[in-house]
1. Taking each pair of different alpha-carbon atoms in region B:226-308 once, compute 1/r for the pair, average those values, and report the inverse of that mean as the Kirkwood hydrodynamic radius in Å to one decimal.
2. Between residue A:231 and residue A:18, what is the FRET efficiency for a Förster distance of 41 Å, r being their Cβ-Cβ separation, to the nearest 0.05?
3. Taking a ≥ b ≥ c as the square roots of the Cα gyration tensor eigenvalues, with a/c under 1.5 meaning rounded and otherwise prolate when a/b beats b/c, else oblate, which class fits region B:3-217?
4. Taking R0 as 41 Å, what's the FRET efficiency between residue A:166 and residue A:272 from their Cβ-Cβ distance, rounded to 0.05?
5. Once each part is reduced to its C-alpha centroid, what is the distance from region A:125-153 to region B:61-81 in angstrom?
6. Mind pulling the angle between the C-alpha long axis of helix B:94-104 and the longest principal axis of chain B? Nearest 10 degrees, somewhere in 0 to 90.
7. In nm, to one decimal, how far is the residue B:183 label point from the residue B:69 one, both placed 7 Å along Cα→Cβ?
8. Give me the angle, in degrees from 0 to 90, between the Cα long axis of helix B:109-122 and the longest principal axis of the Cα atoms of chain B, rounded to the nearest 10.
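Any read-out appearing in this document is the output of simple, stated calculations on the displayed coordinates, not a laboratory observation. Since we're looking at a predicted model, the values are computed, not measured. Cβ atoms come from the backbone with ideal geometry, glycine included; neighbour counts cover every protein chain shown.
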Ligand SMILES: Nc1ncnc2c1ncn2[C@@H]1O[C@H](COP(=O)(O)OP(=O)(O)OP(=O)(O)O)[C@@H](O)[C@H]1O
Ligand SMILES: [Mg+2]
């Protein structure tokens, strides 16, 4: 029973830490290496066929409405269609991710707080920010949409480049640039949305007293954000139809970037809150 | 003489409430320190400050020479902490629980198996190695939690009410375990409400009251500090207690004398308060026997330490 824990664990940089993540016990625990850490996810996961079906419907119906507003020559309609297929898949994956990701991250800390194991964990030589990273990535790695999402992103990126190259002669420089920006926006959006959902779950998790409360709060924030963005888009569209703003492509790019900045801002806020919380052990709720 | 825990002027306020007021306490290496006090006295607060989970408002504390506020990481490596509301992972097996925490303490995989075996043997849970933590009794969970605190072989164990919620048998087992840990050279700082147990295994006792240490020392010290009357119970052959009471009445150190009947005991019993030392008590007994009082038993009541407690704390809680 004699062991000397390494004394430099605090000075390990985040990069090294991520490099060794697969050996981190908290990461492995989150993946189910020792028992089942997240009964809520295990439960919800049983309904995943329904989630996939729901996501399919929402993804196909909800996606692409902005792509179709880009002014394009009728001759390039096949390109639009080509762009739409991976995007519809991405939308579907995003909806699925938005349902599943909070179920993974929201209980990750609140469950420990409820059981009274959080303080014990914090007294181990694992620094708090490492614990949070390990919990985030460990729990997310249980979701099996990542490879699909990467493949779809690559596909959509590729299609966008092909489309841009093919259509370059047919477009004027401005509409080519705006279309490209919208395409980049669409490429980033699923990642940002899911990342935002994951971080909201984890952040809420550090305050909640029970996993259920954490999950409900996270869903409210995530879908609340989506609702706000949707209402904003309605507002912008009505402004557009009234005719105050008459440059359609400018509007599309603007909206796409506003959405990206909102999610990026949300992610940055959550990260900042988590960082601040990781500095002081005392501020965490217990019991 | 080497102090392993040193607390100086430790104060913790929650808004207007002073949970801990200028606490001073020194604990030597190898001591078993029993930390006693009524609900809300500040025991858990003190322990949480020592474990670096809580920052004091003012004052300082050191464990093994490390400051709990300035060197929390060093402190965490020398202590093992068991919270009052102990945490276990219900979804794991017993060995998995220990394996996980050993991994958190960076114990290499090849050492863990042997270590888990040793720990389970120590807390007498070897036959529960593959049982689900959920299925353990409360006493077993508590012992498992104690085994976990030993995973990184700490010098100091800080145990918040390790015997709470246990039945008498489980309590005795816990006590034996603490004794064993003491023999292994650990310094143990634990809190409790159950005084008679504390008396048996502690080298030192501290009594807390509304955030202040009202008494500190070994049990004999404590009696002297508080000038507590010891309650003695004598039983004689037959019911003729008058000669006994006469002798007691004349003894300078005997206080209040109670007849057995008055306290719903049998009429052959007499109880009295005694303010003297063990030697004086022994002399009194010899005197009674020489005076031909037919003594059957002569004993100190176990409620004694509770009285120390009641006298020290006077039932005042912050
Ligand atoms: N987080 C908190 N906020 C406000 N007051 C608190 C907090 N924690 C403890 N207190 C108060 O501090 C005082 C000391 O509490 P503490 O838990 O240290 O007592 P204790 O001696 O451990 O009692 P018990 O025997 O019930 O465990 C109590 O009056 C309690 O109400
Ligand atoms: Mg307490």
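1. On the way: mean 1/r = 0.0777 Å⁻¹.
Kirkwood radius, region B:226-308: 12.9 Å.
2. Values: r = 37 Å, r/R0 = 0.91.
The calculated FRET efficiency here is 0.65.
3. Working: a/c = 1.85, a/b = 1.50, b/c = 1.23.
Prolate.
4. Working: r = 43 Å, r/R0 = 1.04.
Calculated transfer efficiency: 0.45.
5. When both Cα centres are located, 32 Å separates them.
6. 60
7. Between residue B:183 and residue B:69, the label points sit 4.1 nm apart.
8. Around 10 degrees separate the two axes.
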